[in-house]
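Notes for the one structure printed next.
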Amino acid sequence: NRLYGLLTTKYTAKEYKDIKVKVMLQKSILYSLNGNHHKALQIALEALDEAEKYQLPEKMYQSCWTIAMMYEVGGQLDLCKKYLDRTYSIYEENKLDNIYSSYCTRMSSYYIRIQNNDSAIYYAYKGLDYAQKYNNKRELRDAHLLLGIALPENEALKHKLITARTFIEIKDFTSAASQFTDIASSLFKRNQIDEAFRYSDSAFIVLRGTN
């Protein structure tokens, strides 16, 4: 808040606007994580206005992406798609290949929401390709997570395992345990009992990391 205040009152020259929009988007996501989705959306929309006013293409892209995510979380999928389309238009116009993976993973998540698995898988793989090319670690994790949801069960398991390992790397042990539990459940259904117990034990072990 102090940094945002300085960028609003003292450091107001155009060269600081990029930083200001970045801070606004970070605030928006923090409000969303704390459950205040109305405030989060309001700040993200203000960030988009600021980015458009000063013609900051990457921040325009990121603002539209964030707004789309907020609408997806709120179940307003028509508005989510509207801002995803705007995100793509900004990407295409400005050739923002280095961050394109975030659009792809958001599109995959949107298609999972509307139960279009073929499109979800297409965009998750596309996001994975771009994330690997530009070493975008968050989108790498998100792409594997989405493939673990959208692919048929026998193909999804390897992506769930990769996702679990990446969650462990960032010390998100609860999410890692959830992936291991899903793997164990799938293996039980296939009568691979010993392996299923191994992953069930893994879930228990990583959960101890939260204590």
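The values are calculated or read from the model by the stated rules, or taken from the named source; none is laboratory data. None of these values were measured; they are calculated from a predicted model. Positions of Cβ are generated from backbone atoms using ideal geometry, with glycine treated the same way; all protein chains shown enter the neighbour counts. When the accessible area is computed, the model is the full protein with side chains, heavy atoms only, and any ligands, DNA or RNA have been set aside. Shrake-Rupley method; radii C 1.70, N 1.55, O 1.52, S 1.80 Å.
Here are a few things to note about the model shown:
- Helix 77-94 and the longest principal axis of the Cα set of the chain meet at an angle near 70°.
- For S178, net neighbour charge (Lys/Arg +1, Asp/Glu -1) across residues whose Cβ lies under 10 Å away: -1
- Where a label projected 7 Å from the Cα of Q26 along Cα→Cβ would reach, residues of the range 102-139 with amide N under 19 Å: 137-139
- Here the spin labels are modelled as points 7 Å beyond Cα on the Cα-Cβ line, and at K158 and I205 they lie 2.2 nm apart.
- Sites N191 and Q76 - FRET efficiency at Förster radius 35 Å, r taken between beta-carbons, to 0.05: 0.25
- Descending semi-axes in whole angstrom, ellipsoid equivalent of the range 120-207, from the Cα gyration tensor: 23, 16, 7
- The heavy atoms of T166 offer some 30 square angstrom of accessible surface to a 1.4 angstrom probe.
- All other residues whose Cβ lies under 10 angstrom from that of S28 are scored, Lys and Arg at +1 and Asp and Glu at -1, for a net of +1.
- Calculated P(r) tail over 28 Å for the chain, as whole % of Cα pairs: 37
- Partners for K95 among lysines (Cα-Cα distance below 19 Å; same-chain residues under 8 apart left out): K59, K126, K133
- Placing R0 at 35 angstrom, the Cβ-Cβ distance between E46 and D118 gives a FRET efficiency of 0.45 after rounding to 0.05.
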